[in-house]
Amino acid sequence: MEIILEDFTKRFGDVTVIEKMNLKIREGEMLALLGPSGCGKSTTLFTICGIHRVDGGRVLFGEKDVSRVAAQQRNVGVVFQSYALYPHMSVFENIAFPLTVRKENKNTIREKVAEIAELVHIGELLERRPEQLSGGQQQRVALARALVRKPGILLLDEPLANLDAKLRLEMRSEIRRIQLETRISAVLVTHDQVEAMSMSDRIAIMKEGEILQVASPTEMYQQPVNDFVAGFLGNPPIAFLNALVQDGKIDVLNGKIQFDFPRNAKPSNSTKIRLGIRPEHYQPNNPIQIPGTISFVETQGRENLYDVKLEDGSILRSIQSSAFGTIEKNSQVSWGVQPDQLLIFDQAGNSI
Amino acid sequence: MSLSAKLGYVFIAPALVLVAVFFLTPVVLTGIFSFTNMSTATGITGGAYQITPSLLRDLSGNGFEKKTLDTIGTESYQVSQATLQVAREAGSHLDLLSELEADHLGSNFKNRREFERFLKKLQNRPRSTRELKSTSPHFKKSLINERFETEIDLRNSLVEMQANLSEEQLNTLIQAAYTGWIWTTDNFHKMVILPETKQILFNTIIYVTFTLLLFNVGFALVLAIATFYLPKGQAGVFRALWLLPRISPSVLYVVLWKWLTWDTGFLNAILNPLGVAQRNWMLDTTLNAWFFVVLINGFIGASMGMILFSSAITAIPKPLLYASEVDGANRWQQIRFIILPQLKWPILFVTVYQCLSLLTSFEQILLSTDGGPGSSTEVWALAAYHSALDNYWGNLQYGYGAALALVLVIIGVIMSFIFLRFFRFQELVRQPRIEQ
Amino acid sequence: MSQNFKNWPILTGLVLATVPIVLMYSYLVLDTVTDTKPGSIFPNSFTLEHWRFLYEDIEGKANIWQVTLNTLVFASSVMLLVLSVSSTAGYALSRLNIPFRREFLAGVLILHAFPSITLIIAIFLILQLIGLYNTLIGVIIVMTSLQLPLGIWIMKGFYDSVPWEIEMAGLQDGASRFTVWYRLVLPQVRPGIIALGVFSFLSGWGEYILPTVLAPANNVQVLSGYLASLIADDRNFEFNLFKSVGLFYATPVVIMYLFFQDKLMNIYGGGTKG
């Protein structure tokens, strides 16, 4: 099912947290709502499922306006951050609950629960109580409970936040597998860019109640609309360098380094700009060399991460394979960039 | 209206009704009743108008002429439809009544003798003197002791008597004849001038101060800190024992104290062989009475503080205590500098809460000394109870009792508001997170 | 706790302070089955005579079993009413969007500290006016109403600690607010319900003033009034009888207390969590 938020506005008391937001979730896709905490992503999720009311605009499920429809009638499956399993019920009763309140036939319920338990791989846990399950198993039960009544859309609120690192990897692919198998439209709320990039078809990145960009993970990584998006995606994060446009060229470090403006639409003379340089793009063999001193080395095993301090004090980051040895702190290096890999932002932070 | 508001109304309605009728209304009514002279004599629903001989006696010293009062007080015998009806219902001789109705309707006789002499002359007169004597009272007409439901009835009857009353006297008489309750501020006046008030105020202060400081806060602290230092099992035994007075039904609990202090009780059984004269330790002197009143209430009151302080002490991070010991603090210093500072709020809380409940409690005193000996342990709340609900004279002074209670109610309201400060109210009323 | 300090001074002090309690309660049990010569401390003979009130009525007093039944009816009705009314009202105040929620809550908070016993005179008159004086129903309703603010306060506290997500999940699963409350939330506050239930039962069982003032008649007498009238009666002044009746009266209380001690601590600590 396709979900459309149209001029969606939300207030808490006098505070407007989201104003006139527009978003479309396509049929069968997994869309990640990504943003720092407090950006309004959970509010958006709670509005789609009907726990919050809209204060303006509409929520459409397909053709149908559900803005005033109660949560119970929306047929939305939700997996909460804490899983919200009912502690006094067995796993079977938990999964069966949505069907029991619909007063479905006992045999049908048993079949449907068995079927969904099979899908999420918890067939042998049905008699247990939630407190006897590991975090990953609880997560699977929560998924099963959300999916058992074939909802039109599945909402996942920080589903991996309560898991340890290893389980997180496992559940990441499991959730994606289940979503793909059921072909259900899904919204994933997360503050973790890795989760968003690895699990979703498209990402909607939010900041202070606004959607900055909606794009596929690759597109968003390569062509962020502004410096915030560029900074939010990628780990280790992108570094920024101040520069000036002069005679169709880019001046770095007060004109010590100059190279041609790599795009067609050139800004006018003397425009101050910021260059975004990702660690993987600041490498020894690149043509435009920017020299500096290594101020920090972090060994990560397969890779090394270097902070390079330039003469004007700004810092660039580089990530390099450790196969070629580790360079000492305080060494002078002269690594370079390739102009067409640079991200260029104007003073306001928007991409050029 | 939203769905949850509808359910909310249904959910809260029973509580609202019950609390409104039996909690809030009594608060208001205590105020209202305290401005009346309600008592057993006046009743609580309105009253009637009745002139009694004693009322007339009281009025004679009050500017009313004796002649006027005598006129009001006279009785007469009258043959009227009304009196005939009374006689008929009482089963008097029917023929006699018919004759009276037919020939003598409206006759008036000054007194009983005259009326009976007249009856004897009638054709259908009763055979026996006894029957005649039983018939005559039905025809008696008198204002004395007759109940008039409304003021108008009494006024008309008084005017009929032609007793020469001035309008002013008539009003005074009618007002004095009213048997129901009236609005008055006398209760408060009485409260201020009565010497007993000073006594019970003094008693209340003694009672609250001593019980609160010695037990509800003082000994509760001792218990909490002492059990904190004991092994878990021992601590549990002491806490359980000290909760016994709190959970025991109060009647039984007080019986145990009585057994301890009675003339032939346990204390005497121990002290007698040592040469101490046998006595009722609870009631023989004022000092002893107070001693036991404070003990009886204190043993109950210590448990609440004990529980609250104990949980506050347990909440102190253990490393803090270990650190102080490593730093060389002795036990007293540890209590003084680590534990007590943590108990500031719980102590304040218990003090306010228990002060309020001690001020208004009287159950244990009622059951043990009942305010005695004399009225030396009569506290304010007990005085209110005694005057309105239970006293030796049987005439329960609802109005005065309510006025005494009103003082406590006002203190209660004020202190309950102070109470609000103990809670982070903003946090308690956070908006529900489901909006439907 | 700490091993750095000696325990015996504390232990001695506490034992001394606790002597009266131990004495009174052990003699309570002992004296019900023994006789003691006047002036003696220790009993000298075993007897079941003091328990005769169980099978023969004491002169001028109501039948003990009738009185016990009244007490049971009284205490359990108060318990059931307090539980059902507080568990709904507490939920409404904790979780539902009702107008004036703030004001209701402030009211509950103020009333839960309010000394309700000061209202007894007005309540006595109200019951006379509405004709419920001298009836068990009247005392039950009054006792319930006076306990409600504390009950609602306690239940609200327990509801507050139930995760919102459980309710949200229930709604998403298609359950109505009522079903969510009844099938999902209520089971989470079971400890609160047990604590409040035991507390109100014990309060009802032990209450003396309300039944005595509001329903003094013999046929609606409860055990507290029965025992008090026994003591007030000069014709048979016999402590061992009082104690037997008292023990009979207090046994259910002590048993419940032993079972639910931990749960009760919270409420006896003033109904505040901590």
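Any read-out appearing in this document is the output of simple, stated calculations on the displayed coordinates, not a laboratory observation. Just so it is clear, the structure is predicted and the values come from calculations on it, not from any experiment. Here Cβ is always computed from backbone atoms with ideal geometry, including for glycine, and neighbour counts include all displayed protein chains.
The residues C:Lys243, A:Lys112, when put in order of fewest to most other Cβ atoms within 10 Å, stand as A:Lys112, C:Lys243. For chain B, a Gaussian network of Cα nodes joined below 10 Å ranks B:Leu356, B:Leu170, B:Leu404 by mean-square fluctuation, and the top entry is B:Leu170.
For B:Lys258, the lysines whose Cα comes closer than 22 Å to its Cα, not counting residues fewer than 8 places off in the same chain, are C:Lys37, C:Lys61, C:Lys243. Taking all Cα pairs closer than 8 Å and separated by 6 or more residues, the relative contact order of chain B comes to 22 percent. Along the axis of the charge dipole computed for chain B (Cβ charges of +1 for Lys and Arg, -1 for Asp and Glu, origin at the Cα centre), the listed residues B:Leu105, B:Ile313, B:Trp181 are led at the positive end by B:Ile313.
Please go through the residue pairs A:Lys41/A:Lys150; B:Lys318/B:Lys344; A:Lys166/A:Lys309; B:Lys198/B:Lys344; A:Lys272/A:Lys309 and name each one whose alpha carbons sit more than 26 Å apart in this structure. Correct reply: A:Lys166/A:Lys309; B:Lys198/B:Lys344. Sparsely packed loop sites in the range A:148-203 (the trypsin sites (Lys or Arg not before Pro) outside DSSP H, G, I, E and B with at most 12 other Cβ atoms within 10 Å) comprise A:Arg183. Neighbouring Cβ atoms from other chains, within 10 Å of the Cβ of residues in A:80-87, number 6 on average. Looking at the range B:49-177 alone, DSSP beta bridges between its own residues are antiparallel in about 90 percent of cases. With both residues required to sit in the protein assembly as shown, DSSP beta bridges show an antiparallel share near 80%. Between the Cα long axis of helix C:223-232 and the first principal axis of chain C there is an angle of about 30°, rounded to the nearest 10.
Distance from the C-alpha centroid of the range C:165-224 to that of the range A:198-231: 53 Å, rounded to the whole angstrom.
Taking every alpha-carbon pair under 8 Å whose residues sit at least 6 apart, chain C reaches a relative contact order of 27 percent. Across the range A:1-115, C-alpha contacts under 8 Å between residues 6 or more apart give a mean separation that, scaled by the residue count, equals a relative contact order of 23 percent.
For the pair B:Leu348 and B:Ala20, label points projected 7 Å from Cα toward Cβ lie 3.6 nm apart.
Here the range B:248-293 and the range A:71-146 have alpha carbon centers that stand 66 Å from each other.
Using Cα-only point scatterers and the Debye equation, what is log10 of I(q)/I(0) for the protein assembly as shown at each q in 0.04, 0.07, 0.09 Å⁻¹, rounded to two decimals? Relative scattering, expressed as log10 I(q)/I(0), comes to -0.38, -0.88, -1.13. All alpha carbon pair distances within chain A were sorted into 10 Å bins beginning at 0; the resulting P(r) in whole percents reads 5, 21, 25, 21, 15, 9, 3, 0.
Residues within the reach of a label modelled at C:Tyr55 (point 7 angstrom out along Cα to beta-carbon, backbone nitrogen below 19 Å), restricted to the range C:1-41, are C:32-35.
By the count of other C-beta atoms within 10 Å, a proxy for reagent exposure, A:Asp307, B:Asp390, B:Asp70, A:Asp340 are ordered fewest to most as A:Asp340, B:Asp70, B:Asp390, A:Asp307. Per-residue shielding of C:194-201, expressed as the average number of other chain Cβ atoms within 10 Å of the residue Cβ, stands at 0. Couplings 3J(HN,Hα) of the range C:110-117, computed from phi: 5, 5, 5, 9, 6, x, 5, 5 Hz, in residue order, whole Hz [Karplus 6.51 cos²θ - 1.76 cosθ + 1.60, θ = phi - 60°; x for Gly and Pro]. Taking label points 7 Å from Cα along the Cα-to-Cβ direction, B:Leu105 and A:Asn105 give a separation of 9.0 nm. Rounded to the nearest whole Hz, the Karplus-based 3J(HN,Hα) values (6.51 cos²θ - 1.76 cosθ + 1.60, θ = phi - 60°) of the range B:303-314 follow the sequence 5, 5, x, 4, 5, 5, 5, 4, 5, 5, 5, 4, with x at glycine and proline.
Label positions at C:Asp35 and B:Ile316, each projected 7 Å from the Cα along the C-beta direction, are separated by 5.5 nm. Against chain B, whose longest principal axis is taken from its Cα atoms, helix B:220-229 shows a tilt of about 30°. Take the Cα of C:Thr135, go 7 Å toward its beta carbon, and the backbone nitrogen atoms of the range C:218-238 under 15 Å from that spot belong to C:220.
For a modelled paramagnetic label at A:Arg68, 7 Å from Cα along Cα-to-Cβ, the residues of the range B:1-31 in reach, with backbone nitrogen under 12 Å, are B:1. Available extension along the chain between B:Arg433 and B:Asn395 is 7.9 nm, counting 0.36 nm per residue and deducting the alpha carbon span. Annotation: the antiparallel percentage among DSSP beta bridges lying fully within the range A:114-215 is about 50. Built from the Cα atoms of chain B, the convex hull projects on average onto 39.2 nm², one quarter of its surface area.
Put in line by how crowded their Cβ is, counting other Cβ atoms within 10 Å and starting with the fewest, B:Val429, B:Val217, B:Val28 read B:Val28, B:Val429, B:Val217.
The mean of 1/r over all distinct Cα pairs in the range A:28-187, once inverted, gives the Kirkwood hydrodynamic radius of 16.4 Å. Computed from the Cβ-Cβ distance with R0 of 30 Å, the FRET efficiency linking A:Asp7 to A:Asp346 stands at 0.60.
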